[in-house]
Amino acid sequence: MRNLMTRKAILIAAALSLFGCSAIVEPVALRGVAPDAEGQEEFEINVRALDFAAAKNLNSVSYDRIVSMPGSGSSANAVSERSLRKTSFPPIVGSQPYKLGVGDEVALIQYTDASPSIARLSAGVDVGDNGLPAGVSLPSSSSNIISTTGRVGTDGSIFLIGVGRIEAVGREISELRDEVRSILIRNGSAPNFQMEIQRFNSQRAYVTTDGASGRASSVIPITDKGTTLREVIATSGVAFNESALTLIKVQRGGKTYSFRLADLLAENAPKVLIQGDDHFFVQTLKYLPGKVFLLGGVAPQIMPIQPEVRQTLADILFAPAGPLASPSAQRSAVYLLRGRKPVEAHQLDAQSPLSLLVANEVELRPNDIVFVAEQPIMTLNRTLANITPLRILLRDIEAGNIP
């Protein structure tokens, strides 16, 4: 009876061993998830050899870096740089004459000494280039100069000594000069004056920067000189940093435009002039390390990669805790998986020195998967480990411990 049980147990062990051997000799293959796998998505995987030509194509893929978006709750997230690359500049508008507004200050200087009267001008007295009779120059004494400054009030008017009150809001300084000239002539005075905007107080643009040192805001006055957006950013202390992504958003007229600092500093970037009530938000986002996933005949790992370093497949394979450091790794079956729909699996035989040169040429990208097959002997060990209870049973039978 005991011999019969022993033979049965041996037959069962042999069958299981053959089953394990079938798993061992089964060729390494990458398959998509079966369509009927519950809750799983089916993937199409294309396997191809990894050579120098394939390495060149893999390196042509843009490095989609990950940036950290600050905020609270769901607004704080890690997003790809590619999703932030959409560039929209404000419409290009040429330089526009400055329109006076409430709070602007205008300075008027009148030269009164030796000024010709209207009667003498009408009598045909020659007038020089300086607006005075030939041979007459302006006096240097300040007593011969009337200087006055007026501020545009909330009613839109400005009062100037020697001229009176005139409307100013929404008008150009050239229009005010024409009106002052007409008033002086009408009053019998020669129109020898200089009129300029002394202080620009009515129109402003705003800059808010959000960086490592915290949030800061500044006010940029709008003048008649025409200030470009590039000049505003430069004077706001925003510096170009290759280790971070700087985004700029412009709020103008109820619309929001966004672009990167690198786009603004590009040689062919449009010349954008700032306008009143523009609001510029400058945000510096930190780059996060990319992740490469290591699977297969080694312990699953997530290995960080840095965009400025540009690690290669060889860097991962020969890392101290990399796949080739593991005795269970099958060097002839190394796969680099990239993309989706379909997934491209590039196979490398790491036993060949030439293939290692290829691995040194392939730059890794975030979310790459490095899959290394397992040595067949390791698969056998795993199979035997699964039938350990049967081995214990066989030992007990041989020892006569079965009741």
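Tell me, yes or no, whether the stretch 191-208 has at least one residue that is free of Cβ contacts under 8 Å to residues at least 40 places away in the same chain and not in a loop (DSSP other than H, G, I, E, B).
Of the residues in the stretch 191-208, the ones free of Cβ contacts under 8 Å to residues at least 40 places away in the same chain are none.
For the stretch 191-208, residues free of Cβ contacts under 8 Å to residues at least 40 places away in the same chain and not in a loop (DSSP other than H, G, I, E, B): absent.
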### Query
With respect to the numbered conditions (1) closer than 23 Å to Lys286 by Cα; (2) surrounded by fewer than 16 Cβ atoms within 10 Å (Cβ to Cβ); (3) touching an Asp or Glu at 6+ places or on another chain (Cβ under 9 Å), which one is the sole condition not fulfilled by Val250?
(2)
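Being in contact with a helix residue (DSSP H, G or I) (Cβ under 8 Å, 6 or more places away or on another chain), at pLDDT 85 or above, closer than 24 Å to Asp277 by Cα and not aromatic (Phe, Trp, Tyr): is that true of Leu100 here?
yes
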### Query
Scanning for something modelled with pLDDT under 85, in contact with an Asp or Glu (Cβ under 8 Å, 6 or more places away or on another chain) and in a strand (DSSP E or B), does the stretch 305-316 turn up at least one residue?
no
### Task
Look at the stretch 43-84 and say how many of its residues are in a loop (DSSP other than H, G, I, E, B), at pLDDT below 75 and surrounded by 12 or more Cβ atoms within 10 Å (Cβ to Cβ).
2
### Query
Residues of the stretch 326-360 being in a helix (DSSP H, G or I) and surrounded by 16 or more Cβ atoms within 10 Å (Cβ to Cβ), which ones?
Ser355, Leu356, Val358, Ala359
### Message
Would you confirm whether or not the stretch 143-160 contains a residue that is out of contact with any strand residue (DSSP E or B) (no Cβ under 9 Å at 6 or more places or on another chain) and part of a helix (DSSP H, G or I)?
### Response
yes
### Task
Name every residue in the stretch 211-238 that is outside any helix (DSSP H, G or I), surrounded by 16 or more Cβ atoms within 10 Å (Cβ to Cβ) and under 18 Å from the mean Cα position of the chain (by Cα), in order of residue number.
Gly211, Val238
### Message
Tell me whether the stretch 22-33 contains one or more residues that are surrounded by 13 or more Cβ atoms within 10 Å (Cβ to Cβ), under 21 Å from Leu336 (Cα atoms), modelled with pLDDT of 80 or more and in the same structural domain as Val362 (by TED's automatic domain parsing).
### Response
no
### Query
Just one of the numbered conditions (1) loosely packed, with under 14 Cβ neighbours inside 10 Å; (2) within 27 Å of Asp155 (Cβ to Cβ) is not true of Ile183; which one?
(1)
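The values are calculated or read from the model by the stated rules, or taken from the named source; none is laboratory data. Only a predicted model underlies this, so the values are computations on that prediction, with no experimental measurement involved. All Cβ positions, even for glycine, are placed from backbone atoms using ideal geometry, and neighbour counts span all protein chains on display.
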